[in-house]
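Worksheet: the structure to be examined is printed underneath.
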Amino acid sequence: MATAVPKRVQRIGMTLDIQEGKIDEYKRLHDEQWPEVRHALESVGVTNLSLWSWENRLFFYAEYVGEEPFEVAMEQYSKMPRVQEWEELMHNYQKQLPGSKPDVWWQRCTELFHQP
């Protein structure tokens, strides 16, 4: 019997800003996250997702386990039920970082160090 090879966990970090005065409402919406969005993230391999804030800057951390590159998984996620509606709602609170491409909201961070 062949032994299954465990999939490698990728730690994903991203950042963006929240519009002035909108962080409390943004948090409330995430506290009441739509089940379809949660299921969509889990179904493409995104787990252990956390959002952190400092003033108006957000930091996204999640772990991704999947066969496809993370960007491909996010493209699949974007096509799932209610996800587009959720993302459009979130854009009412989010603010792109200076220098972002028009269609890029979350900027992927480069991991500099990890201590397991």
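What tally of residues in region 75-110 results from selecting those that are modelled with pLDDT under 95 and either loosely packed, with under 11 Cβ neighbours inside 10 Å or assigned to a helix (DSSP H, G or I) (or both)?
Residues meeting the conditions: 5.
Out of all the residues in region 21-64, which are in contact (Cβ under 8 Å) with a residue 40 or more places away in the chain and among the acidic types (Asp, Glu)?
Result: Glu25, Glu36, Glu63.
Mind counting the residues in region 59-74 that are assigned to a helix (DSSP H, G or I) and open to solvent by less than 90 Å² (accessible area, probe 1.4 Å)?
Count: 4.
When both residues are 6+ apart or on different chains and their Cβ atoms are under 9 Å apart, which pairs have a first residue that lies in region 89-101 and is at negative phi, and a second that is open to solvent by less than 50 Å² (accessible area, probe 1.4 Å) and in a helix (DSSP H, G or I)?
Filtered contacts from region 89-101: Leu89/Leu29; Met90/Tyr26; Met90/Leu29; Tyr93/Ile23; Tyr93/Tyr26; Tyr93/Leu29; Gln94/Tyr26.
Checking the conditions here, which among Met80, Met74, Met14 is in contact with a helix residue (DSSP H, G or I) (Cβ under 6 Å, 6 or more places away or on another chain) and of a type in the set (A, V, I, L, M, F, W, C)?
Met80
Could you say whether any residue in region 30-48 is surrounded by fewer than 13 Cβ atoms within 10 Å (Cβ to Cβ) and closer than 18 Å to Gln96 by Cα?
For region 30-48, residues surrounded by fewer than 13 Cβ atoms within 10 Å (Cβ to Cβ) and closer than 18 Å to Gln96 by Cα: absent.
The values are calculated or read from the model by the stated rules, or taken from the named source; none is laboratory data. Because the structure is predicted, anything quoted here is derived from the model rather than measured. So basically every Cβ, Gly included, is an ideal-geometry build from the backbone, and we count neighbours across all protein chains shown. The area values use the complete protein model at the heavy-atom level, side chains included, leaving out ligands, DNA and RNA. Shrake-Rupley method; radii C 1.70, N 1.55, O 1.52, S 1.80 Å.
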